[in-house]
1. Given 0.36 nm per residue, what is the gain on full extension from Ile28 to Val73 after removing their alpha carbon distance, in nm?
2. Please report Val54, Val41 as a ranked list, fewest other C-beta atoms within 10 angstrom at the top and most at the bottom.
3. What is the Cα coordinate range of the range 1-82 on the first, second and third principal axes, sorted by size from largest, in whole angstrom?
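FYI, it's all coordinate maths here, none of it is from the lab. All figures in this text were calculated on a predicted structure; none of them were measured in a lab. Glycine also receives a Cβ, built like all others from the backbone with ideal geometry; neighbour counts cover every protein chain displayed.
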Amino acid sequence: MTLLVSGFGSVAVAAYGVGLRIITFVMIPAMGLSMATTTIVAQNIGAGKMDRAVRTNTIACLIAFFVPTLAGVLLYLFAVPLSTIFVPKGEEAIAESAQFIHIISLAIGCIGLQQVISGTLRGAGNTLAAMVLSIIAAWVIQFRWPISCRVTRRWTQRPVVGVSDFDDCLGGCQPALVCRWRLEADEARGGVGA
């Protein structure tokens with residue numbers, strides 16, 4: 001995405017970099033929760049306690065969605081002051097970075113959910129589904145940049161708005177569908193990872 005953003009100049013690159021750093025910082029707890037979920041789900045499945053594995057997944061998904069969403073609301077409200085910390089004298093970059101944060105903060109709960117669902121699938125021993133989910137997220141969803149570029153250049157001269165709209169926000173939506181598909185398939189076979 002940096003390649004796409006760089007076509008709009010240094011202000012856009014600075015704004016995108018600042019916004020991405022702030023969002024990544026907020027997502028670190030979801031990544032940790034994903035790793036913890038992997039371990040707890042695997043331990044419960046290994047012990048034959050499927051109900052606890054399902055409950056672990058449910059609780060982790062709720063936490064991974066609502067906590068980052070709450071953080072996203074705070075990011076939305078304080079986007080300008082946070083951006084000013086990184087770029088104290090660049091008014092244009094601050095405005096673009098704040099706009100980027102405003103948009104991506106609305107999808108941050110979905111990104112946290114994606115992390116935990118991947119962790120649950122790995123813990124259930126269904127590494128193929130977790131791999132497919134990661135490939136879809138990294139190569140299909142994130143590789144839409146030619147479409148993003150075309151739409152961005154056509155609809156706006158504000159690159160960070162267009163890029164984040166068509167790349168990052170929609171990228172958090174597909175894991176729920178993949179997880180539902182895998183859980184239904186696993187139930188039909190007699191249990192998760194069967």
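1. 14.5 nm
2. Val54, Val41
3. Rounded to whole Å, the extents work out to 56, 28, 13 Å.
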